[in-house]
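Below is one structure, written out as structure tokens, with a few remarks after it.
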Amino acid sequence: MNSFTYVESSEPHPEIPLIGGDVTEGVVRVGDTVRRPVGPNAPFVHALLCHLEEVGFPGAPRFLGIDTAGREVLTFVPGEVAGRPRPAWIADEDRLASVGRLVRDYDDAVAGFVMPQGVRTGFPISEPPGVPPAPPYPAEVAGHMDYTSDNIVFRDGKAAALIDFDLAKPVARVDEVMNAMMYWAPLDDPVDADPPLREVDVPRRCRILADAYEMSDVDRSRLVEVAVLRSRRSWFLMKQRAEEQGGGWARMWDEGVGDQIKRREAWLEQNGATIDAALNAP
Ligand SMILES: Nc1ncnc2c1ncn2[C@@H]1O[C@H](COP(=O)(O)OP(=O)(O)O)[C@@H](O)[C@H]1O
Ligand SMILES: [Mg+2]
């Protein structure tokens, strides 16, 4: 099921580079398909995409197989992706709410996903030295966990589909909402935020996302704690990826993503209580 061969259509199409992602080199569009190099998490992702197809979830590309060049073949998802420079609309609150609803619909669609026998996620087995523990909350869903502005396709001004499942793994729902907040509220020192998000009301945007997701009270009370713990961990995990996987990860590390994470930690220390209050107010 996880490695079927893609049969090309008889009509040849040019390969059009798709730029915008941070990590994967060689993502191209070919006709109505997208070709991506197969990453370490591919067996898990392919099983997940097959599950999403089985349950009829409309907000994800379909996995079509592996082409003769060894790349994964996905359906091309039409619509609008933020790209760089970031468009002003990433600050729009209606769009923000639509992101929260899409994340909820996705999490509900994968809540019943059972990993096929022999398939596991492709993340390093050994934890880097000194890494603090993950939040102690049990996994509930096969989370997407990479809700950057470039991984959500909009149609008619609403978040319509998710792409780029390379970081998908079993997590708690609160991790998913936190990840969406990190990019869309955003949870970052304003010096690191995308320009349209530098002066927004972050606690208010966290609340909009939480309400759109219909986040539970208990998860709201855990959000800031999870953000702090995941942030501390991510410094170590990003460093490990840069060292072990190189490529786009190494480039991001060289460009200072480690320092950005440290600034996020300090910013969360200062602003966590305000975010907590906004999330948990009646
Ligand atoms: N299935 C798809 N449908 C439409 N566009 C896609 C699809 N997959 C990727 N893209 C486009 O290509 C860009 C980079 O692909 P992505 O899979 O996100 O790679 P990266 O790992 O580098 O972030 C995306 O931001 C998006 O614009
Ligand atoms: Mg991407």
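Label separation (ASP254 vs THR5): 3.8 nm, computed from points 7 Å beyond Cα along the C-beta direction. Fully extending the segment from HIS13 to ASP156, taken as 0.36 nm per residue of separation minus the present Cα-Cα distance, adds 48.7 nm.
Calculated mean residue ellipticity, 222 nm, the chain: -13500 deg cm²/dmol, from DSSP H runs (n ≥ 4) at -39500 (n - 2.57) each, averaged per residue and rounded to 500. For the range 15-75, the direction-averaged projected area of the alpha-carbon convex hull comes to 4.4 nm². Bridgeable aspartates and glutamates around LYS169 (alpha carbons under 14 Å apart, same-chain partners fewer than 8 residues away excluded): ASP107, GLU140, ASP146.
Would you compute the Debye intensity of the range 123-282 from its alpha-carbon atoms alone, equal scatterers and no solvent, and pass along log10 I(q)/I(0) at q = 0.09, 0.15, 0.19 Å⁻¹ to two decimals? At q = 0.09, 0.15, 0.19 Å⁻¹ the computed log10 ratios are -0.29, -0.85, -1.43.
Residues of the range 7-29 with an amide N closer than 18 Å to a point placed 7 Å from the Cα of PHE76 along the Cα-to-Cβ direction: 7-21, 26-29.
Consider a paramagnetic label point 7 Å from the Cα of GLU93 along Cα→Cβ; state which residues of the range 120-158 have an amide N under 18 Å from it. Label zone hits: 158. Applying 1/(1 + (r/R0)^6) with r as the Cβ-Cβ distance of PHE123 and GLU53 and R0 = 25 angstrom yields a FRET efficiency of 0.55. Packing order of peptides 143-152, 114-123, 17-26, highest average first: 143-152, 17-26, 114-123 (average count of other Cβ atoms within 10 Å over each peptide's residues). Centre-to-centre separation between the Cα atoms of the range 46-119 and those of the range 131-150: 16 Å.
Please give the contour-minus-distance gain from GLU214 to THR274: 0.36 nm per residue of separation, less the Cα-Cα distance, rounded to one decimal in nm. Please report the intermediate quantities before stating the final value.
Working: separation 60, 0.36 × 60 = 21.60 nm, distance 1.98 nm.
Extending this stretch completely gives an extra 19.6 nm.
Per residue, the chain exposes an accessible area of 47 Å² to a 1.4 Å probe, with every protein chain left in place. With Cα atoms as the point set, the chain shows a radius of gyration and Dmax of 18.5, 59 Å. For GLY65, nonlocal amide neighbours, meaning residues 5 or more places apart or on other chains whose placed amide H falls under 5 Å from its own, are VAL73.
The values are calculated or read from the model by the stated rules, or taken from the named source; none is laboratory data. Because the structure is a prediction, the values reported are computed rather than measured. Cβ sites come from the backbone with ideal geometry, for glycine too, and all protein chains shown count toward neighbours. Ligands, DNA and RNA are excluded from the accessible area calculation, which covers all protein heavy atoms including side chains. Shrake-Rupley method; radii C 1.70, N 1.55, O 1.52, S 1.80 Å.
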